[in-house]
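Quick note: the coordinates plus some simple rules give every number you see, no bench work behind them. Here the structure is a predicted model, which means the values were calculated and not measured. Quick reminder, even Gly has a Cβ in these numbers, built from the backbone with ideal geometry, and neighbours come from all protein chains shown.
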Amino acid sequence: MKKIVILVSGSGSNLQRIIDTCQSGEIQNAKVSLVVADRECYGLVRAAKHHIKSELIPKGKNFSSELAQIIPEDTDLIVLAGFLSILKPEFCEQWKGKIINIHPALLPKFGGKGMWGMHVHHAVIEAKEKESGATVHYVTSGIDEGEIILQEGFAIDDTDTAESIAEKIHLVEFEIFPKAINKILNSHAI
C-alpha cells in the first residue's frame with residue numbers, strides 16, 4: 001500500500017476527494033497516511049473523521065524543518081492540497097519527484113508568488129482570458145515552476161465571474177487530482 005502525506009491549510013475538500021478516491025480504488029493501492037496543516041483548519045477535522053494521523057505545525061520560518069522531521073521515510077508521495085505556505089528549497093530538493101501541488105490556473109500563466117485562491121481568478125478576469133483551468137505539477141523551489149503532470153481547462157464566457165471560475169476550477173481539480181496521483185504512484189497512462 002503506497003503512503004500519501006497531504007499538506008493542507010483550509011477546508012480540505014481536495015483532501016476529502018483524495019481520501020474517497022483511495023477508498024474507492026480510483027487511486028489504486030494507496031492510502032492517506034498523514035495529514036499536516038500549517039494552521040487550524042477543517043482539513044484536520046476531516047483527517048480525524050477518517051482516523052488518519054494528523055499534525056499541526058504553525059506556519060513560520062521553521063515550518064519546513066519541522067515538517068521534514070515528521071514525514072515518514074517510507075512516504076511515497078507528498079501532496080499539497082490547498083496548502084498556502086512556501087516550502088524551503090532544501091525540503092523541495094529532499095523530496096524531489098515525490099511532491100506535487102494543484103494550482104487553480106493553467107500554468108505557466110497565473111502562477112508564482114501571490115497567485116493563490118481568488119487572487120488567481122481575479123487576475124484571470126482582469127486579463128480577459130478566454131480559458132482557465134487547473135494544473136497538477138511537481139513542486140520545486142520555484143513557486144509553481146515544477147514540471148506539469150496533468151492540466152485541464154475550460155472556456156470562460158462573458159458572464160463568468162471570479163466566483164463562477166472558482167466553482168468550475170474546483171470541479172476540474174476533483175477530476176484531475178486523483179488521476180495525476182494514480183499516474184505517479186502506479187505509473188498508469190492517463
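Quick one: what do you get for the stretch 49-138 if you divide its Cα Rg by 2.2 N^0.38 Å? All intermediate terms of the calculation are to be shown ahead of the outcome.
Details: Rg = 15.3 Å, N = 90, 2.2 N^0.38 = 12.2 Å.
Normalised Cα radius of gyration, the stretch 49-138: 1.26.
Place the peptides 65-74, 103-112 in order of packing, highest mean first, counting for every residue the other Cβ atoms within 10 Å and averaging per peptide. Before the final figure, lay out each step's value.
On the way: 65-74: 12.5, 103-112: 20.5.
Top of the packing list down: 103-112, 65-74.
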Open item on the list: Students often forget the sequence filter, so: which aspartates and glutamates lie under 14 Å Cα-Cα from Lys168 once same-chain residues fewer than 8 apart are removed?
Closed with: Glu131, Glu152, Asp157, Asp160
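Can you name the helices of the chain, as whole DSSP H runs, whose Cα span along the helix axis is 30 Å or more and whose Kyte-Doolittle mean is not below 0.0?
Numbers: long enough: 162-186 (35 Å, 0.28).
For the chain, where a helix must reach 30 Å along its axis and average at least 0.0, the hits are 162-186.
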Task: Among the listed pairs Lys53/Lys130; Lys53/Lys179; Lys59/Lys98, those beyond 30 Å (Cα-Cα) - done: Lys53/Lys130
Open item on the list: For the stretch 1-77 and the stretch 91-147, what is the centre-to-centre distance using only Cα atoms, to the nearest Å?
Closed with: 20
Open item on the list: If I take R0 = 25 Å and measure r between the Cβ atoms of Gln23 and Asp74 in this structure, what FRET efficiency does the formula 1/(1 + (r/R0)^6) give, to the nearest 0.05?
Closed with: 0.75
Open item on the list: Using Cα-Cα distances under 8 Å and only pairs 6 or more residues apart, what relative contact order does the chain have, in percent?
Closed with: 20
- [ ] Give me the number: length gained by fully extending Lys49 to Lys128, i.e. 0.36 nm times residue separation minus the C-alpha to C-alpha distance, one decimal in nm.
- [x] 24.3 nm
Task: Per-residue [θ]222 nm for the chain (sum of -39500 (n - 2.57) over DSSP H runs n ≥ 4, rounded to 500) - done: -11000 deg cm²/dmol
Task: Potential extension, Glu40-Ser187 segment - 0.36 nm per residue separation minus Cα distance - done: 49.5 nm
- [ ] Would you grab the residues whose amide H sits under 5 Å from the one on Ile99? Only those 5+ places off in sequence or on another chain, please, with H modelled 1.01 Å from N.
- [x] Ile78, Val139
Task: Two-decimal ratio, the stretch 3-61, of alpha-carbon radius of gyration to 2.2 N^0.38 Å - done: 1.08
